1. Quick one: count up the residues across the stretch 148-167 that are in contact with a helix residue (DSSP H, G or I) (Cβ under 9 Å, 6 or more places away or on another chain), outside any strand (DSSP E or B) and open to solvent by 40 Å² or more (accessible area, probe 1.4 Å).
2. Select, from Thr233, Thr185, the only residue that is in contact with a helix residue (DSSP H, G or I) (Cβ under 7 Å, 6 or more places away or on another chain) and modelled with pLDDT of 95 or more.
3. Regarding the stretch 116-134, can at least one residue be identified that is under 20 Å from the mean Cα position of the chain (by Cα), modelled with pLDDT under 95, crowded, with 16+ Cβ neighbours inside 10 Å and of a type in the set (Phe, Trp, Tyr)?
4. For the stretch 75-100, which residues satisfy the criterion of being assigned to a strand (DSSP E or B) and within 25 Å of the chain's Cα centre (by Cα)?
5. Are there any pairs with C-beta distances below 7 angstrom linking a residue in the stretch 237-252 that is in contact (Cβ under 8 Å) with a residue 60 or more places away in the chain and more than 17 Å from Gly26 (Cα to Cα) to a residue that is hydroxyl-bearing (Ser, Thr, Tyr) and surrounded by 14 or more Cβ atoms within 10 Å (Cβ to Cβ), with the two at least 6 apart or on different chains, and if so which?
6. Do we have Glu43 as open to solvent by 40 Å² or more (accessible area, probe 1.4 Å) and closer than 28 Å to Ile223 by Cβ here?
7. Looking for whichever is farther than 27 Å from Gly70 by Cα and buried (at least 20 other Cβ atoms within 10 Å of the Cβ) here; the options are Val206, Val181, Val193. Which one fits?
8. Just checking, how many residues over the stretch 218-250 are assigned to a helix (DSSP H, G or I) and either within 18 Å of Arg266 (Cβ to Cβ) or among the β-branched types (Val, Ile, Thr) (or both)?
Amino acid sequence: MPENGEVKGLPPGKYVIVTYDLDTTGRRLLDEICQIGAHYNHEKDDEGTSYTQYVMPHSNPRPPAVRAFGISVVNIGRSRMLKDIHTGKVLKTKLEVSALQDFLSWLETAKGDSEGVILVSHEQERKFLVPLLIQSMERYNFIPQFSKLVKGFCNSADVISKLGNKDEITSLSLRSLCKTVLHNTSLSTTTAVDRCKRVLEILTAVTSVKTEEGDASALDKIIPHSVTLQTETQNLRKLQTIETVQRTLRPIFGALLGEGWQVRERMVRIRRAMAEIGLDYPKLQELSSNNSLEKELAKVTLDEQDKKEMMNVVLNHFKVEDCAEVVKAAEEKLDVASA
């Protein structure tokens with residue numbers, strides 16, 4: 001990545017486009033992979049090859065993940081198993097390390113004699129799939145092998161936003177894109193590999209339309225929206241730092257995150273904005289003791305309503321904490337005097 005912090009793009013070359021998706025236990029870097037899905041089309045024909053493997057996580061999927069992916073962990077005797085909540089079937093799983101090894105072998109086949117693979121995911125909001133995959137590869141020291149195969153990453157939502165028909169595309173959700181781009185609402189998006197197939201079909205349709213680039217290939221249109229593994233690794237480091245800072249803010253937001261979904265959504269947004277500028281709990285304590293807390297909080301990037309609520313929550317927390325310290329000091333003096 002350049003020293004000025006600009007995103008380093010992927011150089012032109014002969015790459016294979018592979019779409020991939022993950023089912024996970026949640027949307028944090030602390031969460032785990034439950035399924036790996038991937039798909040690519042062969043160069044000479046439209047026949048594609050898919051990879052799919054369920055993974056047994058150590059922790060149970062959170063309720064939003066259960067609803068989103070339709071899988072849950074069940075206990076059968078002394079064993080924990082992954083179950084499809086729609087069919088009731090127990091799914092065949094592997095350990096994460098074995099699933100990733102199989103995925104790397106599959107990617108090697110997909111790469112063939114090309115210069116490497118561009119992994120394409122589809123995310124409308126906060127990017128999560130790429131950092132989680134890289135983090136998982138790092139956990140088992142697979143990055144050297146991974147970096148020989150995967151040369152870049154692309155978010156298909158960026159390509160579709162740029163090249164898609166803006167008069168027809170009203171949403172970047174896969175279900176909506178199946179309707180507006182593929183003109184077929186019966187296509188499945190249930191499993192990770194189903195979603196991979198749909199993403200590749202949508203990308204093929206969007207990039208086949210003639211643009212200002214003339215007869216440029218789908219690959220030529222995707223490369224400008226791709227970044228290198230090095231860039232995504234640096235992004236992972238930033239996200240890891242943000243999550244570490246967020247965990248220190250639990251004394252402030254812990255109880256509020258247990259409220260209704262609307263309150264929780266606002267608190268998650270506020271907490272992340274604070275973490276992005278490095279406002280961890282020890283720093284907030286220091287600012288509070290120096291009477292500069294309000295001034296520093298004003299620098300957080302939030303809309304007016306969220307910023308007002310942030311001020312109220314954080315300042316009230318430290319007022320209560322200060323009062324508690326005063327009471328504790330008074331009690332200690334009384335104890336000394338009575339002794």
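The values are calculated or read from the model by the stated rules, or taken from the named source; none is laboratory data. Just so it is clear, the structure is predicted and the values come from calculations on it, not from any experiment. With ideal geometry, Cβ positions are generated from the backbone for all residues, glycine too; neighbour counts draw on all protein chains shown. For the accessible areas, the whole protein counts, side chains as well, though only heavy atoms, and no ligand, DNA or RNA atoms are used. Shrake-Rupley method; radii C 1.70, N 1.55, O 1.52, S 1.80 Å.
1. 4
2. Values: Thr185 fails: modelled with pLDDT of 95 or more.
Matching residue, one of Thr233, Thr185: Thr233.
3. Yes, the stretch 116-134 contains at least one residue that is under 20 Å from the mean Cα position of the chain (by Cα), modelled with pLDDT under 95, crowded, with 16+ Cβ neighbours inside 10 Å and of a type in the set (Phe, Trp, Tyr).
4. Once the filter is applied, which keeps residues that are assigned to a strand (DSSP E or B) and within 25 Å of the chain's Cα centre (by Cα), the stretch 75-100 yields Met81, Leu82, Lys83, Asp84, Leu91, Thr93, Lys94.
5. Final answer for the pair search is Pro251/Tyr281.
6. Criteria met by Glu43.
7. After applying the criteria, what remains is Val206.
8. Our first condition is that a residue be assigned to a helix (DSSP H, G or I); within the stretch 218-250, this holds for 218-225, 229-248, 250.
Next, only the ones that are either within 18 Å of Arg266 (Cβ to Cβ) or among the β-branched types (Val, Ile, Thr) (or both) stay: 222-223, 231, 233, 241-242, 244-246, 248, 250.
Final tally of qualifying residues: 11.
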